[in-house]
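Student: Pasting a structure here, questions to come.
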Amino acid sequence: QFFVFCHGLLQLSQLLVSGYLKSSISTIERRYGLSSRTSGLLASFNEVGNTLLIVFISYFGSRVHRPRFIGAGAILVSLAGFLMSLPHFITGPYEFDQSVASKCCTFSNTTDLCQPRPWVNLSDAKCTPRASRENHEVLLVMFVAQALLGIGGVPIQPFGISYIDDFASKRNSPLYLGILFSVTVIGPGMAFMLGSAMLQFYVDIDKVSGAEVQLTHEDPRWVGAWWLGFLVAASLVALSAVPYFFFPREMPKEVGEVLQVDLFALLLSGFPLVLLRNLRHPVYLLVVLAQVNISAMVAGLATFMGKFLERQFSLTASHANMIIGAVNIPGAMVGIVVGGAILKRFQMSLRWCSAMCVLGMFLCLLVAFPLLFLGCPTQKVAGVTYSSEFGHHELECNLQCNCPEKAYNPICGSNSIEYISPCSAGCRAVNIQKDTNSVLNYTNCSCISENGSFATPGTCSTGCFHLFPPFVVLSCLAGILASTSHTPSFMLILRSIQPEDKSFAVGIQFMLLRVLAWMPGPILYGSAIDTTCILWEKRCDRKAACRYYDNTRFRQR
């Protein structure tokens, strides 16, 4: 029982490390200027290390000291977690364009207001060989960390489950495995909650004092302390790894006798035959393909759902993670439990199992269909999504300002049109709140003619918040309905194949899910999201993160 407790704890903290990346992905994109395609590749990169090794591990399963292997894997996972946070410590403080030079930062005489003097090009000043090298280092470290995370995670689940199954009594084994399964479902939810908590702190909380931070959470340039969560999660993994080095290689079985069959020698002799036999089996093949489709969707959504909520409904990253962790993931848990309960209550035949899966999916599609329309178009951004009726007036109104093309400090004009920087709106003056050194508003803006020609810092909201509650309710319902088919689809697989092929068939199933769903899912989603970008941030002449998306396209794709 102590082993089950330790294993639950370890699986939970391992999921915190891998799930936390998904909750902070939009923040990391912003901090290091990544496209969604790159961040999607990063998010799914741990599957690479995992898939390469899983075959070997299940082959060596019964021949090694399993608890020690699990412990070693956990140490790797915790190392990966610490590595993920390393970029924060090897790069300088986060820099953004600002109107009021703060005490901490270098360009003290520059501001992005409209000034008729010749412009010092901010963006090229930052573009040293060191800056571009730094960026490559960051990516390298993160990809290596993700690969390590995958490799370290390999022994944890299979060895833990087989160890428990070997030495627990037949009566208790399902209970223990049920506990572990529920932990694997709770884990991601907790990871998003952790993300929600950590992203409320400013990224350089350890490098600058609170008084010098001029950004609010709502500011589009705000970057939260994404690295803190990795430190927390990695420390938890390291702690839970310790007991594994003290468990024995074998335990006395609770009650009942041990059946020692060397499954793996059997498997290898008949490996190709079993593989062909299972892949030729139509039910097995179809169910696995259906699961591949669902899992690819889940993998993509889990990675970018937060980013989607941030953009569509103008939420902060912290708020978006809170919703996913507290509403969407628990919804999926409820669905899985309900599906299992229905199965148990009505003792369903295979035909009914498949009917239940089809019904669940069909209802899910019905409920999810309105989500295509629940959102608002992109806010009006001068020169990006919107050119004013006065034709060339707005191009001329800031000509004498010599704006840097890359400045990004969005403001919302009193005409409720957004401008990329105070300079592009032709604002010549700024009012500052004395005690906090933060910007109250910009005045004297030559591009804004109506309502007093002033502007407030931050983006104009999409005006969509009233659609947010229905969106949450519908997406949660869709998730519940889709996940009711989780258990029946597993039953279809387990009951449709010959009993001696069971463990093998499940292994092949997970292998296919990894290669066809978990790996490509986030990359496909990220690439689709990138196609809807209207304005890219440029860093050293490379495309970095996306500044503005076409919200309608983003939602539909």
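The values are calculated or read from the model by the stated rules, or taken from the named source; none is laboratory data. It should be emphasised that the depicted structure is a prediction, and the values quoted were computed from it without experimental measurement. All Cβ positions, even for glycine, are placed from backbone atoms using ideal geometry, and neighbour counts span all protein chains on display. In case anyone asks, the SASA skips ligands and DNA or RNA and just uses the protein heavy atoms, side chains included. Shrake-Rupley method; radii C 1.70, N 1.55, O 1.52, S 1.80 Å.
Student: Relative contact order of the chain: what whole-number percent is it, with Cα pairs under 8 angstrom and at least 6 residues apart?
Tutor: 26
Student: As a check on your grasp of the helix formula, calculate [θ] at 222 nm for the chain: sum -39500 (n - 2.57) over DSSP H runs of n ≥ 4, divide by the residue count, round to the nearest 500.
Tutor: The helix-only estimate for the chain comes to -18500 deg cm²/dmol at 222 nm.
Student: Please report, in whole Å, how far the alpha carbons of the stretch 409-557 spread along each principal axis, starting with the longest.
Tutor: For the stretch 409-557, the Cα extents along the three principal axes come out at 79, 39, 33 Å.
Student: Here's a follow-up. Return the tail of the calculated pair distribution for the chain, meaning the percent of Cα-Cα pairs more than 32 Å apart.
Tutor: 51
Student: Rounded to the nearest whole Å², what accessible area per residue is found for the chain with the 1.4 Å probe?
Tutor: 47
Student: Could I have the simple spin-label model distance between residue 494 and residue 280, label points 7 Å from Cα toward Cβ, reported in nm to one decimal?
Tutor: 2.7
Student: Calculate the FRET efficiency for residue 1 and residue 64 from the Cβ-Cβ distance with a Förster distance of 22 Å, rounded to the nearest 0.05.
Tutor: For R0 = 22 Å, the calculated efficiency reads 0.40.
Student: A further question on this structure: Can you pull the percent of the chain's accessible area that's carbon plus sulfur, 1.4 Å probe, other chains left in place?
Tutor: Carbon and sulfur: 67 percent of the exposed surface of the chain.
Student: Report the Cα centroid-to-centroid distance between the stretch 466-539 and the stretch 210-229 in angstrom, as an integer.
Tutor: 32
Student: Please work out, to two decimal places, the log10 of the ratio I(q)/I(0) at q = 0.13, 0.16, 0.27 Å⁻¹ from a Debye calculation in which every Cα of the stretch 156-201 carries one identical scatterer.
Tutor: -0.43, -0.55, -0.92
Student: Between 0 and 90 degrees, rounded to the nearest ten: what's the tilt of helix 66-90 against the longest Cα principal axis of the chain?
Tutor: That helix lies at roughly 0 degrees to the long axis.
Student: Hey, got the dipole for the stretch 145-249? About the Cα centre, +1 on K and R Cβ, -1 on D and E Cβ, debye to the nearest 20?
Tutor: That gives the stretch 145-249 a dipole magnitude of about 520 debye.
Student: Here is a further query. Going by alpha carbons, how many degrees (0 to 90, nearest 10) lie between the helix axis of 263-279 and the longest principal axis of the chain?
Tutor: Helix 263-279 sits roughly 70 degrees off the main axis of the chain.
Student: Have a look at 448, 412, 518 and report the one farthest towards the positive end of the charge dipole of the stretch 407-557, computed about the Cα centre with Cβ charges (Lys/Arg +1, Asp/Glu -1).
Tutor: Result: 518.
Student: Output the 0 to 90 degree angle, nearest 10, between the alpha-carbon long axis of helix 282-313 and the longest principal axis computed from the alpha carbons of the chain.
Tutor: So the helix axis and the longest Cα principal axis differ by about 30 degrees.
Student: Please report, in debye to the nearest 20, how large the charge dipole of the chain is about its Cα centre when each Lys and Arg carries +1 at its beta carbon and each Asp and Glu carries -1 there.
Tutor: Dipole about the Cα centre, nearest 20: 1180 debye.
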